[in-house]
Amino acid sequence: MSDDDKRDFLRRWSRLKREPAAAAAAPPPAKKTENETSVPLPPLDSLTFESDFRAFMHAKVEEGVKRAALKKLFSDPRFNVMDGLDTYIDDYTKSDTIPPEMLARLERAREKLFNEAAQKANTQTEESTRQDEGPAQSANNDDDPAQDPKAL
């Protein structure tokens, strides 16, 4: 296959590839009939909750006008009522204060626990010192303070 044949093939392939894409991108010409004329819409300022919003929901109405009408509809206070089923509406970052009675009970419990822990620690240190002193005293029966290992 010569270079000219390759170029011709690629040109034809490229042209055939572009034709369907160009045909799909070009919209068909719009023909307006009497039924497809723009729908008469009431002014947005005059809309209330009881107004008929169906005219704004047609496909022929611009998106911005639809959104403005829906915004006007949902700004009514009737849509801002909480139903009570939403469990995550509370502000859980604000904690309730602890009542004074509970604080007093917690303080007493803390003091009692720390006192018990201090007593256990004291008894353990006393027992460990007794165990340390026991063999030292038996080895030092001659009461010579120079040979006492704790005297150093």
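Considering only the stretch 17-42, how many residues are at pLDDT below 65 and in a helix (DSSP H, G or I)?
1
Would you point out which residue out of Asp96, Asp132, Asp148, Asp143 is at pLDDT below 85 and on the phi > 0 side of the Ramachandran plot?
One residue alone meets the criteria, Asp143.
Kindly indicate whether any position in the stretch 58-79 is basic (Lys, Arg), free of Cβ contacts under 8 Å to residues at least 24 places away in the same chain, part of a helix (DSSP H, G or I) and more than 30 Å from Leu41 (Cα to Cα).
Taking every residue of the stretch 58-79 in turn, none turns out to be basic (Lys, Arg), free of Cβ contacts under 8 Å to residues at least 24 places away in the same chain, part of a helix (DSSP H, G or I) and more than 30 Å from Leu41 (Cα to Cα).
Take Asp45 and decide whether it is among the acidic types (Asp, Glu) and assigned to a loop (DSSP other than H, G, I, E, B).
Spelling it out, it is not the case that Asp45 is among the acidic types (Asp, Glu) and assigned to a loop (DSSP other than H, G, I, E, B).
The values are calculated or read from the model by the stated rules, or taken from the named source; none is laboratory data. What you see is a predicted model; the values in this text were computed from it and never measured. We place every Cβ from the backbone using ideal geometry, glycine too, and count neighbours over all the protein chains shown.
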